[in-house]
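One structure coming up, written as structure tokens, with questions to follow.
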Amino acid sequence: MGIFDWFSAIFRGKDYVALDTEFAELVVKAHYKRLAIDTCSDLIANALTRCDFATFENGKQKRGEVHYLLNVAPNQNQNATEFFHSLVTHLINENECLVVQLNDELLIADSFDRTTYAVKPNIYKNIIVADFKFDKTFYEEDVFYFKLNDRNIIKVIDSLYEDYGKLLSSGINYYKRKNNKRYLMKGDFLKAQTKEEQDAVNSMFEDQLSDWFNPDKEGAAFQLSNGYEMSDMSDGQKNTGNVGTSRDIRELVNDVIDFVAMGLHVPRGIIKGDVADIEKQVDSFLMFCILPLVKLIEAEFNRKMYKKESYLKRTYLKIDASRIKVVDLVQLASAVDKLFAVGGLCIDDILELLGKEPLNTEWSQKRYVTKNYQDAENLEGGETNESSEQTV
């Protein structure tokens, strides 16, 4: 038995072990990417659920079946928040989402086959929702189909992560190697060993030394037998100033978050919880991420639920995204006063803006304009007094 095999056998608790050399590929730790994607997905879905799906009939807001479906319960098994979280998750991970209407309920498809055409309606088959599979064929006008981008950004992120994930995994392994404890054992291992001597050496390595390295073991002691010396060869004992730290790994993880945030148009500071320039970050989040998604959902529901004729008569769905951003009441007061003064808001509008129920009375729905404004086509000068003249 060679000395390397004999030394390995001591640690493995065996008299002899055959060692096979193999090279394993670095395992890409995908959960860092998954964390970034799921965090962005939750942020987008949470913002979307704060929107109010207002329905109008002939230009006047009216609450009916569609309003209840989109704001309260799209189906018997999901509330509106759960429904739109699922819709956003499908959109981000699969770049598309299919919603079918069955018995006045909206259901999100888990899988489906889509056949596209240039001059005739697209066809949808093999639609599966949970444990139910539709046997019928659906046409474009029968379903609500949402597509986030022309190209699936998650596939681009996956391709990027195939290379960068290996770098991250390599960095983690490097950190472990640089901070791992290594000891050099000196002794006469070439002399013949009796069974009693072998058992003593095994006990020294397997029992005493394992307890000594165990951080949860209190009062561990190690007895080094005569003829043996042990030296600490760990990188941490060398004052090279080159030892890897966990902060290096964190920087690599931050890079992954930045890649995902860039692809989904979510400000990095919002993901990481930074409070610096939070208003600018929220404005950017709304402008480049949320409002385009709101427009996508609004347009699809309008063209399938209301058709062209109804939409032109102002019978449609309008998604109000103004409630996404939380505004302090004191900061809002002057703006509300100005909008009320020019007739932009009535009392009921202000109450709804504050999250309260409208009064729905004749006077609360009237609009008022301050006398400081006049018709632009009939502008006059300042105050005049025709009955008296002043001489200086």
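Within the stretch 68-112, work out how many residues are under 17 Å from D42 (Cα atoms), assigned to a helix (DSSP H, G or I) and open to solvent by 50 Å² or more (accessible area, probe 1.4 Å).
Qualifying residue count, the stretch 68-112: 4.
Sticking with this structure for a sec: How many residues, within the stretch 328-343, are loosely packed, with under 13 Cβ neighbours inside 10 Å and in a loop (DSSP other than H, G, I, E, B)?
Number satisfying all stated conditions: 1.
Output the qualifying pairs, or none if there are none: Cβ atoms under 8 angstrom, residues six or more apart or on different chains, first residue in the stretch 142-168 and touching a residue at least 60 places away in the same chain (Cβ under 8 Å) and part of a loop (DSSP other than H, G, I, E, B), second residue hydrophobic (A, V, I, L, M, F, W, C) and surrounded by 19 or more Cβ atoms within 10 Å (Cβ to Cβ).
L148/L91; L148/I92; L148/L293
Within the stretch 113-130, take every residue that is more than 21 Å from V88 (Cα to Cα) and assigned to a loop (DSSP other than H, G, I, E, B) and give me the one that is least open to solvent (accessible area, probe 1.4 Å).
Taking the stretch 113-130 first, the residues more than 21 Å from V88 (Cα to Cα) are 115-123, 125-126.
Subset that is assigned to a loop (DSSP other than H, G, I, E, B): 116-122.
On the way: T116: 82, Y117: 92, A118: 105, V119: 146, K120: 113, P121: 63, N122: 21 Å².
Only one residue fits best here, namely N122.
Any idea which residue in the stretch 349-392 is surrounded by the most Cβ atoms within 10 Å (Cβ to Cβ), counting only those that are more than 20 Å from K60 (Cα to Cα) and at pLDDT 85 or above?
Among those that are more than 20 Å from K60 (Cα to Cα) and at pLDDT 85 or above, it is V369.
Against the condition in contact (Cβ under 8 Å) with a residue 40 or more places away in the chain and out of contact with any Leu (no Cβ under 9 Å at 6 or more places or on another chain), how does K338 come out, does it pass?
Working: in contact (Cβ under 8 Å) with a residue 40 or more places away in the chain: no; out of contact with any Leu (no Cβ under 9 Å at 6 or more places or on another chain): yes.
Criteria not met by K338.
Kindly evaluate A321 against the criterion of being within 28 Å of L296 (Cβ to Cβ) and either open to solvent by less than 80 Å² (accessible area, probe 1.4 Å) or without any contact (Cβ under 8 Å) to a residue 12 or more places away in the chain (or both).
Numbers: within 28 Å of L296 (Cβ to Cβ): yes; either open to solvent by less than 80 Å² (accessible area, probe 1.4 Å) or without any contact (Cβ under 8 Å) to a residue 12 or more places away in the chain (or both): yes.
It is true that A321 is within 28 Å of L296 (Cβ to Cβ) and either open to solvent by less than 80 Å² (accessible area, probe 1.4 Å) or without any contact (Cβ under 8 Å) to a residue 12 or more places away in the chain (or both).
A further question on this structure: Determine if the stretch 313-322 includes at least one residue that is under 27 Å from the mean Cα position of the chain (by Cα) and either more than 17 Å from H67 (Cα to Cα) or polar (S, T, N, Q) (or both).
Yes, because at least one residue in the stretch 313-322 is under 27 Å from the mean Cα position of the chain (by Cα) and either more than 17 Å from H67 (Cα to Cα) or polar (S, T, N, Q) (or both).
How many residues are in a helix (DSSP H, G or I) and under 16 Å from I37 (Cβ atoms) if we restrict to the stretch 259-284? First the steps, then the outcome.
The first filter runs over the stretch 259-284 and keeps only residues in a helix (DSSP H, G or I), leaving 259-264, 268-272, 278-284.
Subset that is under 16 Å from I37 (Cβ atoms): 259-264, 268, 270-272.
Matching residues across the stretch 259-284 total 10.
Against the definition (open to solvent by less than 50 Å² (accessible area, probe 1.4 Å) and assigned to a strand (DSSP E or B)), how does F56 come out, yes or no? Even if it seems obvious, please write down each step before you answer.
Working: open to solvent by less than 50 Å² (accessible area, probe 1.4 Å): yes; assigned to a strand (DSSP E or B): yes.
Answer is yes for this residue.
Please pick out the residue among V294, V330, V282 that is at pLDDT below 95 and under 20 Å from the mean Cα position of the chain (by Cα). Walk me through how you get there before you give the answer.
Values: V294 fails: at pLDDT below 95; V330 fails: under 20 Å from the mean Cα position of the chain (by Cα).
Being at pLDDT below 95 and under 20 Å from the mean Cα position of the chain (by Cα) holds for just one of V294, V330, V282, which is V282.
Now, a different point. For the stretch 7-53, what are the residues that are of a type in the set (F, W, Y), modelled with pLDDT of 50 or more and not in a helix (DSSP H, G or I)? Talk me through it step by step, then tell me what you get.
Here is the first cut: in the stretch 7-53, the residues of a type in the set (F, W, Y) are 7, 11, 16, 23, 32, 53.
If we keep only those that are modelled with pLDDT of 50 or more as well, we get 32, 53.
Across the stretch 7-53, the qualifying residue is only F53.
The values are calculated or read from the model by the stated rules, or taken from the named source; none is laboratory data. This structure is a prediction, so every number in the text was calculated from the model and none was measured. As a convention, Cβ positions derive from the backbone with ideal geometry for all residues, glycine included, and neighbour counts pool all protein chains shown. Side chains are part of the model used for accessible areas, which takes the heavy atoms of the whole protein and leaves out ligands, DNA and RNA. Shrake-Rupley method; radii C 1.70, N 1.55, O 1.52, S 1.80 Å.
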